[in-house]
Amino acid sequence: MVQVPGLEEKEESLTLLEKFAEELGDLEERILNSRINNIEERPFLERDEVIQSIVTEMKETQRLKINKPRVVCLWSPRGMGKSSVIRRLAKMDEFAESRRCGRLLIFDAAWIPSGQMSVEASTLVSAMVLWHLLQLLDGYGVKLAGQVVNFKRMDFKDVVEVVERRSRPTGSVNSFEAWVRSACTTKDDVFKQWCLVTAAAFNAQQDCACLVLLDQAELLVQQRLDQPSSLGGRRSRFTEVCSQFPRQMAVYCTGTLNMQVDLPAEEYTRLFIQSLPALTPLSFEGVKEAMVQWGGTQYGEEVLDQIYLFSAGVPRLVEYVFQTDDELASTFEIAFNAMSECLKKSYSSAAPFFDQPDVALSLVLCSAVRWNATDRELVPGTSTRWSDIFNAGAAFPDGASVLVPLVWWFRDQKRQKVLAQKARELNISLEGLLPDPADLLQAPQQGPLSRGTLWEEQVCNALAARFYLYCLAAHKTPCDTYAPFLEIYPTTDNHLRSVLEQFSVCWSDGVEHPDEEASVLDRVGKAIKSNKNIKNAHHDLLIPVKRIETGDLEYIAAQCRYGNPKTATELTKTCQNKAWKPRTSDPSSEVPDTNVLLQICSTSEGMQKFQKTTPWAKRQEEKRYSLMSCKAIIAQLHMLRIL
């Protein structure tokens, strides 16, 4: 190390750390607990595939021969387990040597003071590395180029100032600042010294990789820059900082904003971004296992069903529920109060969206019917982007769709009344889509019949809601719009597609429950007709459609069945191929046939297995019959567990 004028002569001597081959006794405190929001170990459920994807992509960065940095990004709303993912990554066996040797840097963008956000990006990155070394080696000295450098913990803002004044050698300085002035004059020097310091202190070998894990990166994304990238993306403090990392260094970033929300591609002039899908809520099985692993408050199956429905499987809500401390903690009311407390503390930014009826109804319907949503798109019928909704925690990505926890609005009488009324104006029953779990538990009748009735309600209202959302998203007037059936029900099954692609639909009048039994021979309107209130009705639903080829209007008859479909024998016995159930005095041959029959059952979709010689096999081949599951458009199927 070059001698620096003004070096303090009597600096306190610290324990020399030289080629230390073991792991520091408090290493976890130095690089994990002091740097990650979640100090305690938490249940880590249904995230193993995510972890493996991150590791694979980080290794890909190290392998690729590319001419600019490549960062791996994962974003999710708060409370989905992002910090737990960082903790799990930091403790993985694959990174054990980097961790032991001090070549694993964990940094939270929240540590950058607002007044230093505009500092030169290379200065910030240099300060991150130097701050990491100070935290890691706090209380130790390391011999570098024949001279001992003492490392003592410093606040990040002070490290930034050390880096900024390294070119202005004035006054007396300690050995650390002297070393920075002499050996860390550029950002590239800092990365080189990171390797040299860890080699001297921990005997880190040349092939031991330096890794960076950056949390709360949304704070950097939000610092937008005026100059656009030459490749079309929007530059930000995030892109500027990440472009300073060395090529092939594995860098992982996470935050609540999609890093690529305004990018047409994954590439900037000086940076590649590899984005991964957002973390999804836990399944019911995941919530149940979380309760066991936390070992805190335990709930019975009925209460757990309600907890899952109200929390939507959001990990932070679940955590609050399982950490209540009350002798009556096994009741749903205690669990609900815990979730409400979480809403106030962690998701207050979500509340304003539910005070806007149009936005709130769109959110609730999108969640209920698994409407496709990406962060770049607008919430149907609004000027609000999904990225803003996710960032506020008002909804949570679930694959290609979204989930809104019921606790956000369901027990708020004012909000619920307003939303139910707005839905009724569309002839859509919010109660049919999202019934109160408590009411289901107290229902006088439970079992297959009750499940079938609820299933029928969920199906018809989900179809009507999806048509309404389609019109909102396309800025079309519902009463004047015929949408391709496959746009409303986007199945991947080839046979069902061949049946539905013949039709377009207009369901601007929502769902009707006629006083007299509806049949396929009725005048075709613009409402899905439900015979739910008709005892022993022949068909459950009559779905109005228009044949695309001819323009003819007709009804598709639908039999709703929660569970396995009716067999050929059962279909024939109940005359499902006929417009109505023949009376004893009516010869069956005189009763008109249905045009198309759908059997809507939760377990199957597409072709049903029939013997080739049966009329049902012929009808299916003629594209006049198919199975349709509707599971892909109903989010709260778990409601049916309660019955």
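The values are calculated or read from the model by the stated rules, or taken from the named source; none is laboratory data. Owing to the predicted nature of the structure, the values given are computational and were not obtained by experimental measurement. When we count neighbours, we look across all protein chains shown, and the Cβ atoms used for this are built from the backbone with ideal geometry, even at glycine. For the accessible areas, the whole protein counts, side chains as well, though only heavy atoms, and no ligand, DNA or RNA atoms are used. Shrake-Rupley method; radii C 1.70, N 1.55, O 1.52, S 1.80 Å.
Summary of packing: across the peptides 499-511, 420-432, the per-residue average of other C-beta atoms within 10 Å ranks them, highest first, as 499-511, 420-432. At a 1.4 Å probe, what is the % contribution of carbon and sulfur to the accessible area of region 132-247? The computed percentage sits at 43. Above 22 Å, the calculated P(r) of region 131-238 contains 44 percent of its Cα-Cα pairs. Once the C-beta distance of residue 292 and residue 376 is scaled by a Förster radius of 51 Å, the resulting FRET efficiency is 0.85 to the nearest 0.05. Within the chain, the whole DSSP H helices whose Cα atoms reach 20 Å or more along their own axis and whose mean Kyte-Doolittle score is at least -0.5 are 121-136, 187-202, 332-346, 448-474. Within straight-line reach of residue 526, meaning a Cα separation under 17 Å, sit the following lysines at least 8 residues removed in sequence or on another chain: 476, 546.
Legend: distances between Cα atoms for 532/623; 422/578; 414/566; pairs beyond 31 Å are 422/578; 414/566.
Would you mind counting up the charge near residue 511? Only other residues with Cβ under 9 Å from its Cβ, with Lys and Arg at +1 and Asp and Glu at -1.
Values: positive: 529; negative: 457, 509, 512.
Result for the neighbourhood of residue 511: -2.
Net charge of the neighbourhood of residue 351, taken over other residues with C-beta under 15 Å away and scored Lys/Arg +1, Asp/Glu -1, is +2.
Classify region 378-466: rounded, prolate or oblate, from the alpha-carbon gyration tensor (a ≥ b ≥ c, eigenvalue square roots; a/c under 1.5 rounded; otherwise prolate if a/b is larger than b/c)?
It comes out prolate by the Cα gyration axes.
Around residue 217, with a cut-off of 11 angstrom between Cβ atoms, what is the net charge of the other residues, counting Lys and Arg +1 and Asp and Glu -1? Could the numbers behind the result be given before it?
Values: positive: 82, 237; negative: 108, 215, 218.
In short, -1.
On the principal axes of its alpha carbon atoms, region 133-192 extends 26, 26, 25 Å, with the longest extent given first. For region 25-147, the fraction of alpha-carbon pairs lying more than 19 Å apart is 59 percent, rounded to a whole number.
Counting only heavy atoms of the protein chains and using a 1.4 Å probe, residue 583 has close to 140 Å² of accessible surface.
Length gain on complete extension for the stretch residue 110 to residue 516, per 0.36 nm per residue less the alpha carbon to alpha carbon distance? Mind showing how you got there, number by number?
Working: separation 406, 0.36 × 406 = 146.16 nm, distance 6.37 nm.
Roughly 139.8 nm would be gained on extension.
Entry comment: accessible area of the chain is 43 Å² per residue, from protein heavy atoms only and a probe of 1.4 Å.
Among beta bridges identified by DSSP and lying wholly in the chain, the antiparallel ones come to about 45 percent.
Taken over the chain, the convex hull of the Cα atoms encloses 192 Å³ per residue.
Which order do the peptides 69-75, 106-112, 446-452 come out in when sorted by mean C-beta neighbours inside 10 angstrom, highest first?
Details: 69-75: 24.6, 106-112: 19.9, 446-452: 14.4.
Highest to lowest by the protection proxy: 69-75, 106-112, 446-452.
When both region 533-612 and region 330-409 are represented by their alpha-carbon centers, they are found 37 Å apart.
Treating the Cα atoms of region 248-320 as identical point scatterers in vacuum, please give the log10 of the normalised Debye intensity I(q)/I(0) at q = 0.19, 0.25 Å⁻¹, two decimals. Debye curve over Cα of region 248-320, log10 I(q)/I(0) at q = 0.19, 0.25 Å⁻¹: -0.79, -1.12. A probe of 1.4 angstrom, applied to the heavy atoms of all protein chains, finds residue 29 with accessible area near 90 square angstrom.
Sorting the segments 287-294, 200-207 by their mean number of nearby beta carbons within 10 angstrom, highest to lowest, gives 287-294, 200-207.
Please report the carbon-and-sulfur percent of the accessible area for region 286-344; probe 1.4 Å, protein heavy atoms only, DNA, RNA and ligands left out. Carbon and sulfur together cover 47 percent of it. Placing one equal scatterer on every Cα of region 388-538 and applying the Debye formula, the log10 ratio I(q)/I(0) at q = 0.19, 0.20 Å⁻¹ is -1.47, -1.52. Remark: region 517-631 carries a charge dipole of roughly 300 debye about the Cα centre, counting +1 on each Lys and Arg Cβ and -1 on each Asp and Glu Cβ. Taking one quarter of the surface of the C-alpha convex hull of region 309-442 gives a mean projected area of 8.3 nm².
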